[in-house]
Amino acid sequence: TYKNFCFTISEYPQLIHLLNSQQDDKTVHIIGFQNIIQTGSPVHHMDLHGTMNSILSSDTRLCRVYMDLIHPWESGSPREFVLPMEAGIPMGYDNDNFDSANRINGGGGGYKAFRLEVHYHNPHR
């Protein structure tokens, strides 16, 4: 059993504010992940996927299509995963493709939309 949770950067005003505060470009980097799953949870594993494609990121109904695998997590994995200092997973948008209505309109700059795929252990099924 699994459930998809789809979201775009444009749905989070705090993230838009952070991206707007960048001087040179409109990209920030994911530098780590932290497990917030409690012991005894029925979650078996989770996969975080993302897309840099402006068309896919414009509509969360399209989130079931192919996206890059960004980070997998499985029960028993370390609670924290930190990338090396020189590494990071880009997310954001580029200067030329961001309009005043705070909508991402295309281009590069990093991942713009994400799908968190949560798989549950269901022994009674």
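The values are calculated or read from the model by the stated rules, or taken from the named source; none is laboratory data. The structure presented is a predicted model; accordingly, all values stated were derived computationally and were not measured. Virtual Cβ from ideal backbone geometry, glycine too; neighbours counted across all protein chains shown.
Restricted to region 65-84, and to residues there that are touching a Gly at 6+ places or on another chain (Cβ under 9 Å) and not in a strand (DSSP E or B), the residue that is surrounded by the most Cβ atoms within 10 Å (Cβ to Cβ) is M67. Filtered by the rule that a residue be surrounded by 12 or more Cβ atoms within 10 Å (Cβ to Cβ) and among the hydrophobic types (A, V, I, L, M, F, W, C), region 37-64 gives I37, V43, M46, L48, M52, L56, L62, C63. Exactly one residue out of G106, G92 is at pLDDT below 70 and either closer than 20 Å to L15 by Cα or exposed (fewer than 12 other Cβ atoms within 10 Å of the Cβ) (or both): that is G106.
Looking at T51, T8, T27, T1, just one residue is out of contact with any helix residue (DSSP H, G or I) (no Cβ under 7 Å at 6 or more places or on another chain) and either at pLDDT 85 or above or closer than 27 Å to E86 by Cα (or both), and that residue is T27.
Could you please let me know if R64 is in contact (Cβ under 8 Å) with a residue 12 or more places away in the chain, over 16 Å from V118 (Cβ atoms) and of a type in the set (K, R)? No: the conditions fail for R64.
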